[in-house]
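Peer 1: I'd like to ask some things about the structure below.
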């Protein structure tokens, strides 16, 4: 509710217009009971057709005026919610795209997905229908007040029926919410199992895991089916009770109202008008229950997003060197992951001069990828500093710094979009000649020529539908597009065929001739042979640096 009020106060003029429109809609709602009262009391009593024509004409005008006010109010309510909803989407995207990698990694992928889904939950909660429902409810008191003017006793019956309907609906929603939480938990487990099976279909077949999966699936489906049935029954009962409450209220109004008519304390037209007014008020107020439920879900979603928004963000400002020469220096750098007893490495100090090549070797888990991410600014040193041309990386603007690097990660990841878009993220203005040169150098040309849409081929599922070798070629092409002075290649020949490996060797030779600074993480003997120095991460805790003389 607080969020709804804040949204209205952000657009006070529009909120006032919505308030006024709701007032007129409520006033025009009175037209129908007044029409019924006048038809029964005046036309039926006297039979003058002119009276009926006049009343009907006025009623039609009221119907169309109310329709116009409702359409305008819906548009205004949409305008009130549009900006906050759009802003929220952009804020969540900014957090995910700009949050520091290490704190972000503490959130599971499922939790991040839930946070993104929370945006949709909030948008569904704070929509036009919810806002108009919350506006209509208090104005329904005006309808009760009109009933009171016609008959105080009937007004009490109508108010009692509405309160009972509101309470019944509330209890039904609360019970449904409890069942929904359990259903979501079981559905999440089932979805995770499905995802696991789809990503390991070969394993399922090769190791006869179908029986194991079928047993788990059956157990989960039974639970989900039972929970769905309970929720359906609860929801159906709640709706039935709410509808029955409306009918029962009408029954009591007519039954008691009829005695008042017989006693001469109420006219037949007034009785029918009271019933119409009570029905409208009942409908408006009982709609509060599902609206409040939606707002409550949106409130929980806000809490989930609030946790995400607490993550520290990468600074959006920083220095940019006029020209980066390609020098990198590690000064007493140490790094350890949270909740681990030993550092990945510590006291790492070395200088890589422009135009030279450093090879980093080590077993799996020795820290090669960690060091690559430190260079990219995706991780921060626990101790010490990394300098680029004598400037601490922490002082540089990260977007600028990353455009100075030709980066090929060990595990390539892509965004759902075209191949062209994925290659040109950092350099959207790259000309076609340069792009074609990169494609040929990366050994991608033949693959694209055999693909119907070429560079406009859409990548789905983050590109995982492509063979790993093609993904690594795409990753290399994406890195080359920046044409940076520093080259960071993490296992560049891994998962490549002979042609792909030769392409990597050729690219590295060309980059060396162009005077680029190369840091390559690899155990490939041919790559090691071409490096001017080798950093051995197998030596713990301080890696060992050795220099070698290159054959001229």
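Peer 1: Out of 399, 428, report the one residue that is at pLDDT below 90, more than 30 Å from residue 363 (Cα to Cα) and assigned to a helix (DSSP H, G or I). Walk me through it before giving the result.
Peer 2: Numbers: 428 fails: assigned to a helix (DSSP H, G or I).
On inspection, the qualifying residue turns out to be 399.
Peer 1: Of the residues 227, 266, 253, 260, which single one is touching a residue at least 24 places away in the same chain (Cβ under 8 Å) and not in a helix (DSSP H, G or I)?
Peer 2: 266
Peer 1: Same structure again: Checking residue 447 against (1) assigned to a loop (DSSP other than H, G, I, E, B); (2) over 32 Å from the mean Cα position of the chain (by Cα); (3) surrounded by fewer than 23 Cβ atoms within 10 Å (Cβ to Cβ), only one condition comes out false. Which one?
Peer 2: So residue 447 meets the others, but not (1).
Peer 1: What's the total number of residues in segment 512-541 that are surrounded by 14 or more Cβ atoms within 10 Å (Cβ to Cβ) and in contact with a strand residue (DSSP E or B) (Cβ under 8 Å, 6 or more places away or on another chain)?
Peer 2: 20
Peer 1: Would you check which residues across segment 319-339 are on the phi < 0 side of the Ramachandran plot and in a strand (DSSP E or B) and list them? Please lay out each step first, then the result.
Peer 2: Quick first cut of segment 319-339, residues on the phi < 0 side of the Ramachandran plot only: 319-325, 327-331, 333-338.
The answer is 319, 328, 329, 330, 331, 333, 334, 335.
Peer 1: Give the residue that is surrounded by the most Cβ atoms within 10 Å (Cβ to Cβ), with candidates limited to residues of segment 459-476 that are modelled with pLDDT of 90 or more and in contact with a strand residue (DSSP E or B) (Cβ under 8 Å, 6 or more places away or on another chain).
Peer 2: Applying the filter and picking the extreme gives 476.
Peer 1: Tell me yes or no: at least one residue of segment 344-351 is touching a residue at least 24 places away in the same chain (Cβ under 8 Å), surrounded by fewer than 16 Cβ atoms within 10 Å (Cβ to Cβ), under 20 Å from residue 94 (Cα atoms) and not assigned by TED's automatic domain parsing to the domain that holds residue 87.
Peer 2: No, every residue in segment 344-351 fails to be touching a residue at least 24 places away in the same chain (Cβ under 8 Å), surrounded by fewer than 16 Cβ atoms within 10 Å (Cβ to Cβ), under 20 Å from residue 94 (Cα atoms) and not assigned by TED's automatic domain parsing to the domain that holds residue 87.
Peer 1: Shifting gears a bit: In a helix (DSSP H, G or I), without any contact (Cβ under 8 Å) to a residue 40 or more places away in the chain and surrounded by 14 or more Cβ atoms within 10 Å (Cβ to Cβ) - does that describe any residue in segment 309-318?
Peer 2: Among the residues of segment 309-318, not one is in a helix (DSSP H, G or I), without any contact (Cβ under 8 Å) to a residue 40 or more places away in the chain and surrounded by 14 or more Cβ atoms within 10 Å (Cβ to Cβ), which makes the answer no.
Peer 1: Still on this model: What about residue 492, is it surrounded by fewer than 16 Cβ atoms within 10 Å (Cβ to Cβ) and modelled with pLDDT under 95?
Peer 2: No; evaluated as a whole, the condition is false for this residue.
This table checks each residue for (1) farther than 27 Å from residue 337 by Cα; (2) buried (at least 17 other Cβ atoms within 10 Å of the Cβ).
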{"residue": "104", "(1), (2)": "no, yes"}
{"residue": "113", "(1), (2)": "no, no"}
{"residue": "121", "(1), (2)": "yes, yes"}
{"residue": "128", "(1), (2)": "yes, yes"}
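Peer 1: Within segment 109-119, does at least one residue satisfy the condition of being over 24 Å from the mean Cα position of the chain (by Cα) and either over 30 Å from residue 252 (Cβ atoms) or touching a residue at least 40 places away in the same chain (Cβ under 8 Å) (or both)?
Peer 2: No, every residue in segment 109-119 fails to be over 24 Å from the mean Cα position of the chain (by Cα) and either over 30 Å from residue 252 (Cβ atoms) or touching a residue at least 40 places away in the same chain (Cβ under 8 Å) (or both).
Peer 1: Could I ask something else about it? Of these, 267, 286, which one is within 37 Å of the chain's Cα centre (by Cα) and over 22 Å from residue 85 (Cα atoms)?
Peer 2: On the way: 267 fails: within 37 Å of the chain's Cα centre (by Cα).
Unique residue meeting the criteria: 286.
Peer 1: Name the one entry in 57, 51 that is in the same structural domain as residue 126 (by TED's automatic domain parsing), modelled with pLDDT of 90 or more and assigned to a helix (DSSP H, G or I).
Peer 2: 57 is the lone residue from the list that is in the same structural domain as residue 126 (by TED's automatic domain parsing), modelled with pLDDT of 90 or more and assigned to a helix (DSSP H, G or I).
The values are calculated or read from the model by the stated rules, or taken from the named source; none is laboratory data. On a predicted model such as this, the values are computed, not experimentally measured, just so you know. In this analysis, Cβ positions are derived from the backbone assuming ideal geometry, glycine residues included, and neighbour counts consider all displayed protein chains.
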